[in-house]
1. Ranked from highest to lowest mean number of other Cβ atoms within 10 Å per residue, what is the order of the peptides 437-449, 257-269?
2. Using DSSP to define loop residues, name the trypsin sites (Lys or Arg not before Pro) in the stretch 1-79 whose beta-carbon has at most 16 other beta-carbon atoms within 10 Å.
3. Roughly how many Å² of residue 1 are accessible to a 1.4 Å probe, to the nearest 10?
4. Can you give the FRET efficiency for residue 450 and residue 240, using 1/(1 + (r/R0)^6), R0 = 51 Å, r = Cβ-Cβ distance, to the nearest 0.05?
5. Of the listed pairs 96/469; 284/364; 193/284; 155/469; 184/450; 6/155, which have alpha-carbon separations greater than 29 Å here?
6. Long-range amide H contacts for residue 243: which residues qualify at under 5 Å (H placed 1.01 Å from N, peptide plane, sequence gap of 5 or more or a different chain)?
7. Under a plain spin-label model, where a point goes 7 Å from the Cα along Cα-to-Cβ, how far apart in nm are residue 435 and residue 330?
8. How far is it, in nm, from the label point at residue 341 to the one at residue 196 when both lie 7 Å from their Cα along the line to the Cβ?
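The values are calculated or read from the model by the stated rules, or taken from the named source; none is laboratory data. This is a predicted model, so every value here is computed, not measured. Glycine also receives a Cβ, built like all others from the backbone with ideal geometry; neighbour counts cover every protein chain displayed. What goes into the accessible areas is simple: the full protein's heavy atoms, side chains included, and nothing from ligands, DNA or RNA. Shrake-Rupley method; radii C 1.70, N 1.55, O 1.52, S 1.80 Å.
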Amino acid sequence: MNLIEKKDVVEGGTTFHYHLYFAETPPRRPVKWIKEIQKQFNVRSFDTEHYSAVVIVSFLDHVYAISFGSSHFLVSRFADLEFGIDIASRILKRYKTKNSREFGGVRIKSIETYISSEDLSFEAGEAVNYIKGVPIDVSVWGNNVSCGQSVHLRKRTLSLKNAHQVCAQLEGALLLPVRREIPKAAAVKDPVKCQALNQKLISDMRNDRYMVSISQQQLSGVAFLFADHYEFVCFVNGDSVQIDENLSLVQLRTLVASHFDGDYQELLNATVEAQEDGVTAYSKPFMEFVDYIDTQENHYLEGGEWYQFDRNYLGNVRNEVNRIPLDFSTEIPTFDESAYVNWLAVQKEKHYRERYLNSLLEAKFNYVNHDRSLDIFEGASAEISDLFKGDTIYVVKIGIPQKLSYAIDQALAAVRVLERRAFQIPVQGAMCTVRRICLWLFLDRQKHIKRISDINSLIFLMKLAHWRKSVLLSGLQPEIRISYKS
């Protein structure tokens with residue numbers, strides 16, 4: 001775009017600077033739908049010119065952009081992505097439409113329409129991208145205001161002639177008290193910003209800054225989400241390198257130096273296969289196994305993608321997980337590692353700690369051991385529980401929170417299978433009704449928790465909040481039981 005014209009407007013002692021940028025020679029683009037028409041009609045191909053423009057209004061230390069055509073795609077790269085929702089939280093009094101995403105292992109995009117409601121509720125982990133409603137003063141803002149990454153005002157008296165007045169009013173609106181807190185989390189789409197975040201991640205990996213405890217000071221960092229049940233193989237230029245689930249950053253530096261010529265970005269792009277008994281279960285880029293949170297600028301990495309969240313978003317997640325009934329085990333409050341080692345020594349083959357726990361709970365406390373028992377449905381198999389007792393199935397897992405997300409995935413799969421089976425499962429030759437699902441977590445940590453939100457792993461808490469919602473919607477009751485690994 002080229003600068004075409006600029007002018008100043010002085011009003012109320014303030015000078016407003018207008019700059020017009022215009023795409024005078026836009027590239028020609030083919031009309032895509034012409035190809036479909038040409039299948040039936042003799043029509044030639046067409047190219048069209050897409051003009052766009054931006055008007056910049058600046059005053060004091062504020063800069064506003066008014067986009068025309070497709071220029072908003074360019075402008076949004078430099079815009080304050082929280083601006084629209086910040087305005088909505090201050091000037092809207094009734095709500096008509098809400099577009100949001102929910103993060104919790106899966107991403108759910110939803111649009112909710114209200115009949116001009118004054119109440120606006122949010123789920124845990126929900127991040128609002130767009131909201132439309134009625135403002136507190138229709139004489140100033142018009143009958144409807146739409147807010148997302150930008151603000152769209154609908155008022156007949158608005159024009160470029162008084163755009164500086166509107167910008168000043170918007171700046172004043174940001175100084176108003178918040179009427180309704182609205183949680184936000186946005187995907188980072190700017191490739192330059194993503195690359196900068198990648199470099200921040202790499203810097204922290206090089207300098208051993210990662211989540212080694214749940215203290216607030218060490219929340220920012222990296223941890224590797226490798227499940228205990230798989231062996232992980234990283235492929236480098238046709239060669240394979242075994243990746244241990246307990247990979248430390250010191251070992252990681254050695255790996256990068258010897259196999260990637262010191263290039264951490266190459267490591268993040270490398271393919272990692274999760275194998276069980278030598279058979280590939282799934283494969284992903286190394287970066288998708290990394291759980292990283294940078295609290296300096298409120299960014300986090302999930303599934304290899306960058307997101308940005310705010311305090312309202314995080315607060316909603318923590319409040320939601322704290323609503324899950326929490327029980328601290330009196331049967332086995334602490335996992336006995338030495339007893340497991342002794343038990344393992346007399347086994348004919350290697351078994352994980354969970355297998356030992358399930359056998360112990362079955363023998364001493366009359367749980368029914370469902371470990372490795374696969375329930376078949378529609379030709380597929382799924383491990384829906386480790387233990388069963390009364391009307392409750394138990395998913396039992398051991399580890400640090402950052403590595404326990406797969407336990408939540410198993411519990412989510414259990415909900416889906418149980419719904420299809422009318423919540424009936426075979427137990428010792430009889431059909432039993434399931435009414436509760438309990439996540440029994442043996443946390444590998446020094447400091448004990450009082451509530452679930454004491455765990456400072458955002459990815460884990462988001463998945464947990466999503467699991468709670470799924471269980472309740474199915475008609476079951478979620479529970480969490482906590483023990484510790486010595």
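1. Highest mean packing first, the order is 437-449, 257-269.
2. Counting only loop positions with at most 16 other Cβ atoms within 10 Å, the trypsin sites (Lys or Arg not before Pro) in the stretch 1-79 are 32, 39, 44, 77.
3. Looks like 90 Å² after rounding.
4. After rounding, the FRET efficiency stands at 0.70.
5. Too far apart for the 29 Å limit: 284/364; 155/469.
6. For residue 243, the qualifying residues are 232, 233, 234.
7. 2.1
8. About 4.9 nm separates the two model spin labels.
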